[in-house]
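Note sheet for the following structure.
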Amino acid sequence: SGWYTSYNQATNTLILTTSNPFTSGASLSFPIVVAVDPATKPGTNLEFVGDVLSATPETNLLNNRDTTRTSVAGEADLVVDKSGQTEVVAGETITYTVVITNNGPSTAQSVSLADLVPAGIAGVSFSVKRAAGTSSCGAVCLLGDMTAGEVITVTVVGTVNSSVAAGAILTNTATVASPTPDPYPANNTEEKRTRVNTEANQVIAKRSLADPTVAGRN
């Protein structure tokens, strides 16, 4: 009690002030909690400087400042969710949707998505949709940094080869990765299994080789 706080945004300084006498031998502890910017890169050193001043003349000003340094370690929970068709007809188009979410708390650095398209699917294209716009990529999508809370959607489209046998199972696996440590790596990979059916529209055309024909002849 008797202490007041103010914040100087220009110098990023928190000031604690009291007019109460601070008696000889007294000690006070002030816990100060700050939020680290999620975009701070791992390995960054944060320096906190504290100064104490008084209207009473001092005999030793050398111990009126202290500094502590804190090293920042990143942590980002990346989650991949893959959806698509449960059944597809050989020869037709197949579409998968991959949703990547960064649950934070930090920015995930240099995120990549590897989508292993199974054999039997050709002509594959990848479309990336995020807040900044839409782009394309390959089987390994280099997505760059993902801020905490960001969601990226990747759409994968291909054509199932007409020669794929009925009953075949196509397994498509998507894995997201980042050099930023992930506390829950188990949710970084997901697969989608699709059963292949076959279907063929057969057409027959018949014509007479003798038209008109004569009664009694072939």
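The values are calculated or read from the model by the stated rules, or taken from the named source; none is laboratory data. Since this is a predicted model, take the numbers as computed values, not measurements. Here the Cβ positions follow ideal geometry from the backbone for every residue, glycine too, while neighbour counts run over all protein chains shown. These area figures cover heavy atoms from the full protein model, side chains too; ligands, DNA and RNA do not enter into them. Shrake-Rupley method; radii C 1.70, N 1.55, O 1.52, S 1.80 Å.
Candidates in region 62-71 are the residues that are without any contact (Cβ under 8 Å) to a residue 24 or more places away in the chain and surrounded by 10 or more Cβ atoms within 10 Å (Cβ to Cβ); of these, the one that is farthest from Asn102 (Cα to Cα) is Asn64. In region 73-96, is there at least one residue being over 30 Å from Val164 (Cα atoms) and polar (S, T, N, Q)? No, region 73-96 contains no residue that is over 30 Å from Val164 (Cα atoms) and polar (S, T, N, Q).
Of all residues in region 45-59, those being in contact with a strand residue (DSSP E or B) (Cβ under 6 Å, 6 or more places away or on another chain) and not aliphatic (A, V, I, L, M) number 5. Out of Ser163, Ser71, report the one residue that is among the polar types (S, T, N, Q) and either modelled with pLDDT of 95 or more or in contact with a strand residue (DSSP E or B) (Cβ under 6 Å, 6 or more places away or on another chain) (or both). Only one candidate passes the filter, namely Ser71. Selection of region 119-167 for residues being part of a loop (DSSP other than H, G, I, E, B) and either under 19 Å from Asn102 (Cβ atoms) or hydroxyl-bearing (Ser, Thr, Tyr) (or both) yields Ala131, Ala132, Thr147, Ala148, Gly149, Glu150, Ser162, Ser163. Flag: Val154 matches the condition of being β-branched (Val, Ile, Thr), modelled with pLDDT of 95 or more, touching a Phe, Trp or Tyr at 6+ places or on another chain (Cβ under 8 Å) and over 24 Å from Asp37 (Cβ atoms). Here region 193-208 is the region considered, the condition is being open to solvent by less than 90 Å² (accessible area, probe 1.4 Å) and among the aliphatic types (A, V, I, L, M), and the residue that is farthest from Asn161 (Cα to Cα) is Ala200.
I'd like to know if region 90-97 contains one or more residues that are part of a loop (DSSP other than H, G, I, E, B) and surrounded by fewer than 16 Cβ atoms within 10 Å (Cβ to Cβ).
Looking only at region 90-97, we keep the residues that are part of a loop (DSSP other than H, G, I, E, B), and these are 90-92.
Next, from what is left, pick out any that are surrounded by fewer than 16 Cβ atoms within 10 Å (Cβ to Cβ): 91-92.
Yes, region 90-97 contains at least one residue that is part of a loop (DSSP other than H, G, I, E, B) and surrounded by fewer than 16 Cβ atoms within 10 Å (Cβ to Cβ).
Of all positions in region 72-86, at least one carries a residue that is free of Cβ contacts under 8 Å to residues at least 60 places away in the same chain and open to solvent by less than 80 Å² (accessible area, probe 1.4 Å).
How many residues does region 143-162 hold that are over 9 Å from the mean Cα position of the chain (by Cα), among the small types (Gly, Ala, Ser) and more than 17 Å from Leu116 (Cβ to Cβ)? Counting residues in region 143-162 that are over 9 Å from the mean Cα position of the chain (by Cα), among the small types (Gly, Ala, Ser) and more than 17 Å from Leu116 (Cβ to Cβ) gives 2.
In the set Asp211, Asp182, Asp115, only one residue is out of contact with any Pro (no Cβ under 8 Å at 6 or more places or on another chain), crowded, with 18+ Cβ neighbours inside 10 Å and outside any strand (DSSP E or B); that residue is Asp182.
Just a yes or no: is a residue in region 39-55 under 23 Å from Gly149 (Cβ atoms) and open to solvent by 90 Å² or more (accessible area, probe 1.4 Å)?
So far as region 39-55 goes, yes, one or more of its residues are under 23 Å from Gly149 (Cβ atoms) and open to solvent by 90 Å² or more (accessible area, probe 1.4 Å).
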